[in-house]
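Below is one structure; the comments refer to it alone.
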Amino acid sequence: MVNLLTDLFYRFSLVHWAVVGLVTFALIYLTKAFGKGHAGTLPPGPRGWPIIGNVFDIPAEYPWKVYRRWGQEFDSEIITLKLPGPPLLVLNSAKAADELLIKRSAIYSDRPRMVMLNELVRADWNLALMPYGERFKAARKMFNKHIDVPYCRPQAVAAVRKCLKDLLAATKHHDPIIRLMTGRFILASGYGIDVDSADDPYIEISETFIKSISHATQRGAFLVDAFPILKYWPSSLPGAGFKQVAARLRKLADDARTLPFKFTQGELAKGTAKRSFATRFLETMREDTPRSEIDGVEAIIGNMYIAGADTTVLAMRTFVLAMALNPSIQKKAQQIVDAALGGRLPDFNDFGTIPYIDALVNETLRWKPPLPISIPHGPIEDDHYNGFFIPKGSIVVANICAILQDEEAYGPDTDLFNPERFLTQTGELNKNLNADVAFGYGRRQCPGKVMAKELMWMAITSILATFDIHSAADEHGVPLKPNIDYGPIGNLNYPPHFECSFVPRSSQTRTWIEDYADEA
Ligand code: HEM
């Protein structure tokens, strides 16, 4: 807590502290409004302090574990952390998350107000940040219409096969290769951009924007998010540095959205555009296509890299870690893949025909979901659950990690990687169980779910067909146990850095990799 206070002190200038003083009265009002008000009692939670509530109780490390423990201590599926302004409600059980975020999703599909990113940077073309409403519904419809998964299967196959070839040449560091595969796939399917290396300028543009956004969404990064009135602070006065930051971020956001789309327009004009979502839309555009539709499609395709790259990379890195840790599971999966494919690389005709691989995809997402805690959902009206009051405007999150670790749903030892928990006794996929919670809930559930699962399926099956994954060994050849301490902070579940090697399973699989990569 001392560290946090010191951190806050240095982060905020004197002007900021003056503003803090001025708004204290407003906070007292807000805390009362959102506290134990006339409409009922909030779900239980740690006691907290007057006015600032539980600000300093929000765990800096492994928040999902602490929230789960509090849920057990307070014997409640939902816990509350009181904050200045709207409270944070954490849903620790599948039952509460299903009831509120799915069954009552007409109420629980808003996002909390994000003044810096949405109102100053104007990055709310990013679906994950967009408030719920007609504009949001139209954008989701557009996503479903234009991001048509089967249409981009050839790009998925090509990106995976190039990845196999890159892995052949890899020494110990597979992370950048996995990242390049995802970037290749997204830029090829979105815009028809061929990416040669991780230094590709279009990858760099999106990565820079993503890094800046994740800084901007960190707790306490911008005072204007806690005190929206500051958005009217004159740029000429001291303390308005955040406005310059907003202008810089807006330029980055605009570049990430518009530059790749402009590339496709240029290629179309030259007659060299490749098959992609952008090409398909631009080719069918008419003279009278409204500007709003063109901007909408540009934004939707722009969402793919921003929302889909990191998450898919993290899931694939988890798969590699799980294979390095569990050689017997890897061996079994390879035997099943060999029997199903009969001596070739997979294609999408094989999709859904190998239950063990579907189970592996599920277990990878369940064991270490890329987002341990969902993006916040905001109720647009007051509500009640199990006798507790949930005020309009609260910040409601699902504890995805805790829900996916529930032994009642997923069987014993949920901290262990075991794909068989998704299979029936006869080896079929258990249709009543999946790890889709990793993609969130209700009307805000990840619209890239099917695309992500297909890419994961293709990559996992192809890697198993061609490589043995070994963890690094010590000087005596004894395998080192990779560290499985996932990153304790932030919104994403970062696997630890670990070394492993990808060894072609035979001279024949090496030949496939070389031949197929050139065809792709
Ligand atoms: C394994 C990979 C992925 C995982 C685990 C994942 C997970 C998630 C989660 C948990 C959410 C928040 C849902 C909620 O608020 O309840 C989300 C939102 C979103 N995801 Fe994904 N995602 C993945 C890949 C992708 C891909 C490949 C794309 C794009 C092609 C994508 C596009 C989006 C978008 C646009 C949103 C915002 C949706 C909204 O707010 O309405 N995701 N994702």
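Laid out as a table, the results:
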| read-out | value |
| --- | --- |
| Qualifying positions in the range 159-170 - open to solvent by 20 Å² or more (accessible area, probe 1.4 Å) and either aliphatic (A, V, I, L, M) or free of Cβ contacts under 8 Å to residues at least 60 places away in the same chain (or both) | Asp166, Leu168, Ala169, Ala170 |
| One residue from Ala315, Ala307 being open to solvent by 30 Å² or more (accessible area, probe 1.4 Å), within 14 Å of the ligand (Cβ to nearest atom), hydrophobic (A, V, I, L, M, F, W, C) and under 14 Å from Leu455 (Cβ atoms) | Ala307 |
| In the range 440-475, residue farthest from the ligand (Cβ to nearest atom) [restricted to those that are of a type in the set (Phe, Trp, Tyr) and under 30 Å from Lys141 (Cβ atoms)] | Trp457 |
| Conditions (1) crowded, with 16+ Cβ neighbours inside 10 Å; (2) modelled with pLDDT under 95; (3) under 28 Å from Ser212 (Cα atoms); (4) touching a strand residue (DSSP E or B) at 6+ places or on another chain (Cβ under 8 Å): number failed by Leu89 | (2) |
| Residues of the range 434-453 that turn out to be more than 11 Å from Arg366 (Cα to Cα), open to solvent by less than 30 Å² (accessible area, probe 1.4 Å) and assigned to a loop (DSSP other than H, G, I, E, B), as a count | 3 |
| Selection from the range 107-130 of residues that are assigned to a loop (DSSP other than H, G, I, E, B) and either near the ligand (Cβ under 10 Å from one of its atoms) or free of Cβ contacts under 8 Å to residues at least 12 places away in the same chain (or both) | Tyr108, Ser109, Arg111, Asp124, Asn126, Met130 |
| Selection from the range 27-47 of residues that are open to solvent by 30 Å² or more (accessible area, probe 1.4 Å) and either outside any loop (DSSP other than H, G, I, E, B) or at pLDDT 85 or above (or both) | Ile28, Tyr29, Leu30, Thr31, Lys32, Ala33, Phe34, Thr41, Pro44, Arg47 |
| Residue ID - nearest to Lys65 (Cα to Cα), chosen from residues in the range 464-520 that are under 32 Å from the mean Cα position of the chain (by Cα) and of a type in the set (Asp, Glu) | Asp485 |
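The values are calculated or read from the model by the stated rules, or taken from the named source; none is laboratory data. Computed from a predicted model, the values in this text were never measured in an experiment. No Cβ is skipped: glycine too gets one built from the backbone with ideal geometry, and neighbour counts run over all protein chains shown. Ligands, DNA and RNA are excluded from the accessible area calculation, which covers all protein heavy atoms including side chains. Shrake-Rupley method; radii C 1.70, N 1.55, O 1.52, S 1.80 Å.
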